[in-house]
1. Of the residues L256, L212, only one is out of contact with any Pro (no Cβ under 7 Å at 6 or more places or on another chain), hydrophobic (A, V, I, L, M, F, W, C) and either at pLDDT 95 or above or buried (at least 23 other Cβ atoms within 10 Å of the Cβ) (or both); which?
2. Within segment 141-164, can you find the residues that are open to solvent by 10 Å² or more (accessible area, probe 1.4 Å) and out of contact with any strand residue (DSSP E or B) (no Cβ under 7 Å at 6 or more places or on another chain)?
3. Considering only segment 331-348, I want to know if a residue exists there that is open to solvent by 10 Å² or more (accessible area, probe 1.4 Å) and among the aliphatic types (A, V, I, L, M).
4. Of all residues in segment 179-195, how many are within 19 Å of the chain's Cα centre (by Cα) and either modelled with pLDDT of 95 or more or open to solvent by less than 10 Å² (accessible area, probe 1.4 Å) (or both)?
5. All but one of (1) open to solvent by less than 10 Å² (accessible area, probe 1.4 Å); (2) under 19 Å from G162 (Cβ atoms); (3) not in a helix (DSSP H, G or I) hold for Q262; which doesn't?
6. Quick check on segment 273-290. Is at least one of its residues part of a helix (DSSP H, G or I), of a type in the set (S, T, N, Q) and touching a helix residue (DSSP H, G or I) at 6+ places or on another chain (Cβ under 7 Å)?
7. With respect to L391, is the statement that it is touching a residue at least 24 places away in the same chain (Cβ under 8 Å), open to solvent by less than 10 Å² (accessible area, probe 1.4 Å) and under 24 Å from S592 (Cβ atoms) true?
8. Considering only segment 375-470, give the strands (runs of 3 or more DSSP E) lying wholly within it that have at least 2 residues that are under 30 Å from T152 (Cβ atoms) and at pLDDT 95 or above.
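The values are calculated or read from the model by the stated rules, or taken from the named source; none is laboratory data. Just so it is clear, the model here is predicted, and its values are computed rather than measured. Don't worry about glycine lacking a Cβ; one is built from the backbone with ideal geometry, like all the others, and counts go over all protein chains shown. Just the protein is used for accessible areas: all its heavy atoms, side chains included, with ligands, DNA and RNA removed. Shrake-Rupley method; radii C 1.70, N 1.55, O 1.52, S 1.80 Å.
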Amino acid sequence: MADHEDDDFKMALKMSMQLETPEPKRSKPWENSASEGSPKEESEIMKRRVQRNLMAAAAEKRMMSAMNNAVQTEKKVEKDVVFKQEEIGNSSDTQMQTVSDDCKNNCLDFGLQLSPDEANQLFSIVFGGDVTKGILAQWSNQGIRFSPDRETSMGLVQHEGGPCGVLAAIQAYVLKHLLFPSEERSFASKNHFVAPVENLTSFPDKVKSRALIRGMAEILFLCGNGERAVIANLSIFNNAIQGSEGLMNDVIVKALEGFSIQSGSDLQRVLRVESQKSKEDAIQRLEAMLPVFNSRMGALLFLISALLSRGLDCIQAERDDPSQPLVTAPFGHASQEIVNLLLCGEAVAHLFDGQMDLGGGMSLKGISNNVEVGFLTLLESLNFCKVGQFLKCPKWPIWVVGSESHYTVLFALDSSVQDENEFERRESQIRRAFDARDQSGGGGFISVESFHQVLKETNVSLPIQKMDSLCSSGFIVWSEFWQTLLDLDNSLGGLKDSSGLNGKKVFNVYHFNGIAKSVPGSEVLIQKPSFTPLRVSVPPKWTPEEFLTLPPPSGSTVESSELPPPQHAPLVDCIRTRWPRAVCNWVGDSPSIV
């Protein structure tokens, strides 16, 4: 061991004495000012440089040595190396396999190897048999990293097309842990929760990293039915995840130079996986591996982690058409099955609640349970699909937003934006009582006797004159009763609104698009994500006929001149699938969902 350390020292010392550094690095402020410092300062700077080169050279040599050892061991035990299917979550009736002791010892630091069949199955499920090099490049060059731009620093930045579905889902869970960190206590103690956030650009790096790690762990355990999280790594990193963050990043970048995955055999050669059954252990492992997920392989490794946490057999059983790859041609987009897996823990293709029976023993699978963060899509506004209440009304006011080709994120700071307002609740209560006694086959009228029961049940006190007017014909029509309620003060059980808002809700939402787009700067063209606050005004969920009978807002405490004119963009159509007839306003450029 001492001989190896002497060799490392000699090699690093030789590198440090070269006139030119062997690898260009980004200069540090103290390096730029070195020529202006004193001889003592220059000596100290030189010592630090020598120390840095010593550490980098030693780490790189250890990494290369470990890689060579792994390759040699891999060849030696290739016939014996198998991975226990239960550890990666495949179905329990799959043949159980064991890992040889030699390989287990060799791969202890970075996980266990998949069998050739498992690796080929995994590659086929994700990419299919005819994937292009362009799509593989997209998915092999996207890390999970926060935007360096201050205005969008709470968001994950996307530089490659394709993995946006993975990034948007992770982003939604990151926001959950950033905005509602004590969610269980707060949600249990009251009906709504306001995120204690004054400035969305002020989160420290440590807070953002913690939210990212916890969000990733939550997704993986969601995919693993709360029982396990499988974490994927690459053997080429080996011990690269040990050491200081800066050194780890340098070594990882070096290890990935020229690296690519083109087939299942490539995946089998380098992929290593480990299963964690404790969320705390998974969080610790993800924290140690964060530089790996920050690297250009991060998005693909996380998708593989989610798939293996769920189990490949289970993934295929949940899909409508398991013969198609999860990454769709020709542009390499994440399929709806990928997004649903990360949001709901199931790789189903549809967005409605439950199952849809097609007859003949056939059915389509939708979303089976309540979710933490939801989903909205432009396709619903175009009548191509229907999003169910599970996704529209998640536990927290955070939604992944889908367009024809991209995924973005919409969120609010106050969970009460999802609550029915007082007028909606009151109208729903009275309407249910009325409809329960409507025996006209949907005609919208009830008998006088039934009408008295409705008034008693809903605590509506009508003046004698109005009561006589409604009952004069021997039956009561809903539209006439509705108009009476609008004119009746709420102290008597009516729906008259002295504010003039007529049950309207007004709140703020925020839209984040992680794709880095060019924006004009002072002298150079800057690429960064986009972030847009929106003001949303939502009328009650009354029918169009009921809405038209509302009294005009004249004489109200809210002047219509104070309200800005409505603006429109495709995002507004998505918002209206959640809040019908919503009116939106924003400042600056329109929010983009592509």
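1. On the way: L256 fails: either at pLDDT 95 or above or buried (at least 23 other Cβ atoms within 10 Å of the Cβ) (or both).
One residue alone meets the criteria, L212.
2. Passing the criteria: N141, P148, R150, E160, G161.
3. The answer is no, given that none of the residues of segment 331-348 is open to solvent by 10 Å² or more (accessible area, probe 1.4 Å) and among the aliphatic types (A, V, I, L, M).
4. Qualifying residue count, segment 179-195: 3.
5. The single condition Q262 does not satisfy is (1).
6. The first filter runs over segment 273-290 and keeps only residues part of a helix (DSSP H, G or I), leaving 279-288, 290.
Imposing the further condition that a residue be of a type in the set (S, T, N, Q) reduces the set to 284.
Right, trim to touching a helix residue (DSSP H, G or I) at 6+ places or on another chain (Cβ under 7 Å) and you get none.
Checked segment 273-290: no residue is part of a helix (DSSP H, G or I), of a type in the set (S, T, N, Q) and touching a helix residue (DSSP H, G or I) at 6+ places or on another chain (Cβ under 7 Å).
7. Details: touching a residue at least 24 places away in the same chain (Cβ under 8 Å): yes; open to solvent by less than 10 Å² (accessible area, probe 1.4 Å): yes; under 24 Å from S592 (Cβ atoms): yes.
It is true that L391 is touching a residue at least 24 places away in the same chain (Cβ under 8 Å), open to solvent by less than 10 Å² (accessible area, probe 1.4 Å) and under 24 Å from S592 (Cβ atoms).
8. Working: elements: 398-402, 407-411, 445-447.
Strands (runs of 3 or more DSSP E) meeting the threshold: 398-402, 407-411.
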